Structure formats: structure tokens, C-alpha cells
Amino acid sequence: NLDFKQKVAKAGEAPYRLPQYTTDEEKPEYRIALTLTGAHANNKTTLKVSDRYTESYEIGKDLEKMFGEAYTLETYTVMGDNRLAYNALPTEKMQQAVPVGYRAPEQGDYTFTAQQNAENTMEHLYLTDRETGIITDLLVSSYTFSSARTQDDDRFVLKAEMRAPSTPTALDEAIRNSHNGLQKVVYQGKLYIVNKGVVYDGQGRQLVIK
């Protein structure tokens, strides 16, 4: 739904436009930074979620995890035979299950945390520990687990639940259709006039929609 404030538009302000994604490059990308922290170090892997991506490995979009000779703390996602530091995947796959692997250099406790970028539309981000059966929403809290010195690609899976898209309002539709001619609409009990994407109140004052 539109959240707007009534005020006269300043000179040079662009009229409001509804986003319309016509190419893959215009489709939004949401990012999740997943961090694993141990007693002496931490390591991060990144998921890039967008309908411009596919489940297959794509050069320039996905990036394999690089392991050094030392047995260091690592985390990554798993897609087929690939262990990924950067995983570009479609929204549908993120809503299913993405395996998360890790390497623990010593026996002890480790903690997963997650951070999403400000534009994300994820309602929940569930990490499932298949060994303990515990499911944690990483957007609400971190998850700490115990591990031996090991590398494991099967213990954890990550799954997102997306926020439901907002339903277009009568004013949204009027703005969208205004390029076909002048539109009059009653929204929240008030009359608005929309012409070529620009919104005016009942007294003819141009409004800035934020």
C-alpha cells in the first residue's frame, strides 16, 4: 500500500512511478550475510537472492569457497558439488532448503548469525540443525551449537519465508493507468486526480508521494 503525505511538490521533483521490472537486470536482489563465530575466529558466507538468478552455478554470480592449507573455521552454502562463498539463487529456491556447510577447527561451541540488507522482504530465515532438530529464526536470534573438530555439509539447512506482497490500492491503480488519460479516484475517503503519473488533491494541488 502507498504511504503518502500531502504537500505541494517542489519545483523539479519527479512524479511518483510504480516500479515495473522489464529485464532481469532490473529485478531486485536481496542479500543475506551468514556468519559463523568460534572462540578464536569468525567466517562469513553470502547468499544473493533474486529472480534474475538460476539454481545452476553461474560464473560472475556464484563464487566457490577457497580453502587454504590450514584447517581454519569456515562456513559456506552447498549447491550440488559446489561449496560456495557467494551463492546467487532464485527466490523459489531460497524458500525451499539451502544446505549450509561448515568446518570446525577444534571441538567447542560455534554460533550462527544472519544479517539481511535493508531492502529484503524476508519475514523469517529458518536455520535447521538436523542433528539436534532445533529450528531457529536467524532474523530473531542467533544459534549456538557444539561441534567436534570436523567438516560437515549435511548438518544445517537454511530456508526463508518471504513477506506477502502488498495489495495494490485504488490509488496505485490510478497512477498505473493515468498514462491512458486523466484518472479520478476516491482513496481513504478523499478525492484524488491523477494525470500522467502525477497526483493532485481535490483542490488541484500537486502531491509528493513518499
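The values are calculated or read from the model by the stated rules, or taken from the named source; none is laboratory data. It should be emphasised that the depicted structure is a prediction, and the values quoted were computed from it without experimental measurement. Cβ placement follows ideal geometry from the backbone for every residue including glycine, while neighbour counts extend to all protein chains displayed. Just so you know, the surface numbers come from the protein's heavy atoms only, side chains and all, with ligands and any DNA or RNA stripped out. Shrake-Rupley method; radii C 1.70, N 1.55, O 1.52, S 1.80 Å.
Looking at N87, N42, which one is more than 20 Å from E131 (Cα to Cα), modelled with pLDDT of 95 or more, of a type outside the set (D, E) and over 21 Å from the mean Cα position of the chain (by Cα)?
On the way: N87 fails: over 21 Å from the mean Cα position of the chain (by Cα).
Matching residue, one of N87, N42: N42.
Tally time: how many residues in segment 1-39 are part of a loop (DSSP other than H, G, I, E, B), in contact with a Leu (Cβ under 9 Å, 6 or more places away or on another chain) and at pLDDT 90 or above?
The qualifying residues number 1.
Which condition breaks for F67 when tested against (1) touching a strand residue (DSSP E or B) at 6+ places or on another chain (Cβ under 6 Å); (2) open to solvent by 60 Å² or more (accessible area, probe 1.4 Å)?
It is condition (1) that F67 fails.
Evaluate the following for Y76: is it closer than 13 Å to Y30 by Cβ and either modelled with pLDDT under 90 or surrounded by 20 or more Cβ atoms within 10 Å (Cβ to Cβ) (or both)?
For Y76, the condition - closer than 13 Å to Y30 by Cβ and either modelled with pLDDT under 90 or surrounded by 20 or more Cβ atoms within 10 Å (Cβ to Cβ) (or both) - is not met.
Only one of (1) over 17 Å from Q96 (Cβ atoms); (2) surrounded by fewer than 12 Cβ atoms within 10 Å (Cβ to Cβ); (3) of a type outside the set (F, W, Y) fails for D154. Which number is that?
The failed condition is (1).
Among the listed residues Y200, Y102, Y126, which satisfies the condition of being of a type in the set (F, W, Y) and at pLDDT below 95?
Going through Y200, Y102, Y126 in turn, just one is of a type in the set (F, W, Y) and at pLDDT below 95: Y200.
In the set Q95, Q116, Q107, which member is crowded, with 17+ Cβ neighbours inside 10 Å and polar (S, T, N, Q)?
Q116
Any residue at all in segment 131-146 that's at pLDDT below 90, of a type in the set (A, V, I, L, M, F, W, C) and open to solvent by less than 60 Å² (accessible area, probe 1.4 Å)? Talk me through it step by step, then tell me what you get.
Residues of segment 131-146 at pLDDT below 90: none.
No - not one qualifying residue is present in segment 131-146.
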